[in-house]
Amino acid sequence: MRYNAPLSRFRATRLAGVVASDRPATVLDLGCGSASLLHDVLLAAPTTRGHGIDVDAEAIGRARRAARTLGVHDRVTHDVADAGQSSLQADAVLCVGSSHAVGGLDRLLHDVDADTMLLGEGFWHGSQPLAWAEAFGRLPEGLGGLVERTRAAGWSVIGAEASDPWEWDAFERAWGDGVRRSRLPGAAAFADQRWDAYATGYRGRLGFGWLHLRR
């Protein structure tokens with residue numbers, strides 16, 4: 001669960017390098033969690049400064065400890081904050097599975113004030129099953145549909161790719177293992193329910209796209 005997304009370390013390192021290649025002076029990570037991807041960008045861009053925000057105070061605590069361990073703590077701040085109530089301005093923005101925090105994908109694409117953005121966002125392979133509309137919200141149809149949504153909002157798509165089945169399987173396994181380790185009442189049953197929903201329901205149907213965008 002390093003990235004809390006269907007994202008391998010290999011792909012993360014490469015995407016961080018893509019963001020760093022734009023040489024942004026500042027990078028803002030919306031819904032940063034433990035800020036692992038933000039830290040990867042800072043390691044690849046030694047003069048860049050970062051700022052991560054998330055409503056989860058525990059995750060922000062982990063992010064601060066990780067930054068110190070990696071030696072980037074002097075170039076990054078992590079704050080407990082609501083992305084929907086925060087400034088969305090920076091040279092580059094990271095938003096991985098957090099568009100809901102600012103009111104949805106369309107509002108994110110409209111409100112972000114940045115030269116570039118790395119967007120990680122869900123989509124459906126084919127039409128969205130009605131049974132999953134409430135759980136996942138209304139997502140674009142296909143990676144192409146996600147690309148068109150971003151273009152319609154005035155962004156240029158520099159690169160677009162999607163998580164592969166191995167990344168999805170690893171993510172869902174790690175998510176369930178983390179829930180079970182909490183040992184909270186009902187945790188194991190909840191994790192089993194989630195895995196069943198994945199394995200028999202949205203596996204292979206729900207996609208996750210990674211778009212490198214430029215204004």
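Can you confirm whether GLY33 is of a type in the set (Gly, Ala, Ser), surrounded by 19 or more Cβ atoms within 10 Å (Cβ to Cβ) and in a strand (DSSP E or B)? Full working, then the answer.
On the way: of a type in the set (Gly, Ala, Ser): yes; surrounded by 19 or more Cβ atoms within 10 Å (Cβ to Cβ): yes; in a strand (DSSP E or B): no.
When the stated conditions are applied, GLY33 does not pass them.
Taken over segment 49-74, the criterion of being more than 25 Å from GLY84 (Cβ to Cβ) and open to solvent by less than 10 Å² (accessible area, probe 1.4 Å) is satisfied by VAL72 alone.
In this entry, THR77 passes the filter for residues that are free of Cβ contacts under 8 Å to residues at least 40 places away in the same chain and assigned to a strand (DSSP E or B). Within the option set THR69, THR13, THR47, being at pLDDT 95 or above and not in a helix (DSSP H, G or I) holds for one residue only, THR47. Contact map, segment 9-27: residues that are open to solvent by 50 Å² or more (accessible area, probe 1.4 Å) paired with residues that are among the hydrophobic types (A, V, I, L, M, F, W, C) and assigned to a loop (DSSP other than H, G, I, E, B), Cβ distance under 7 Å, separation 6+ or inter-chain. Pairs shown: ARG23/ALA45; THR26/ALA90. Can you find a residue that is in a strand (DSSP E or B), under 17 Å from VAL157 (Cα atoms) and in contact with a strand residue (DSSP E or B) (Cβ under 9 Å, 6 or more places away or on another chain) anywhere in segment 95-110? Looking through segment 95-110, at least one residue is in a strand (DSSP E or B), under 17 Å from VAL157 (Cα atoms) and in contact with a strand residue (DSSP E or B) (Cβ under 9 Å, 6 or more places away or on another chain).
One residue alone among ALA92, ALA101, ALA152, ALA131 is in contact with a Pro (Cβ under 6 Å, 6 or more places away or on another chain) and either open to solvent by 10 Å² or more (accessible area, probe 1.4 Å) or in contact (Cβ under 8 Å) with a residue 60 or more places away in the chain (or both), and that residue is ALA92. SER163 meets the conditions (1) at negative phi; (2) surrounded by 13 or more Cβ atoms within 10 Å (Cβ to Cβ); (3) out of contact with any Pro (no Cβ under 7 Å at 6 or more places or on another chain) in every case but one. The failed one is (3).
Candidates in segment 176-198 are the residues that are in contact with a helix residue (DSSP H, G or I) (Cβ under 8 Å, 6 or more places away or on another chain) and open to solvent by less than 50 Å² (accessible area, probe 1.4 Å); of these, the one that is farthest from PRO140 (Cα to Cα) is ALA187. Taking the criterion of being touching a Lys or Arg at 6+ places or on another chain (Cβ under 8 Å), within 23 Å of LEU38 (Cα to Cα) and open to solvent by 60 Å² or more (accessible area, probe 1.4 Å), would at least one residue in segment 115-128 satisfy it? Yes, segment 115-128 has at least one match. Number of residues in segment 171-215 that are within 22 Å of CYS95 (Cα to Cα) and part of a helix (DSSP H, G or I): the value is 4. The lone criterion from (1) of a type outside the set (Gly, Ala, Ser); (2) in a helix (DSSP H, G or I); (3) over 16 Å from TRP124 (Cβ atoms) left unmet by VAL157 is number (2).
SER87 satisfies every condition listed in (1) closer than 17 Å to ARG205 by Cα; (2) small (Gly, Ala, Ser); (3) in a loop (DSSP other than H, G, I, E, B) except (1).
The values are calculated or read from the model by the stated rules, or taken from the named source; none is laboratory data. Since the structure is predicted, the reported quantities are computational estimates derived from the model, not experimental observations. Don't worry about glycine lacking a Cβ; one is built from the backbone with ideal geometry, like all the others, and counts go over all protein chains shown. Just so you know, the surface numbers come from the protein's heavy atoms only, side chains and all, with ligands and any DNA or RNA stripped out. Shrake-Rupley method; radii C 1.70, N 1.55, O 1.52, S 1.80 Å.
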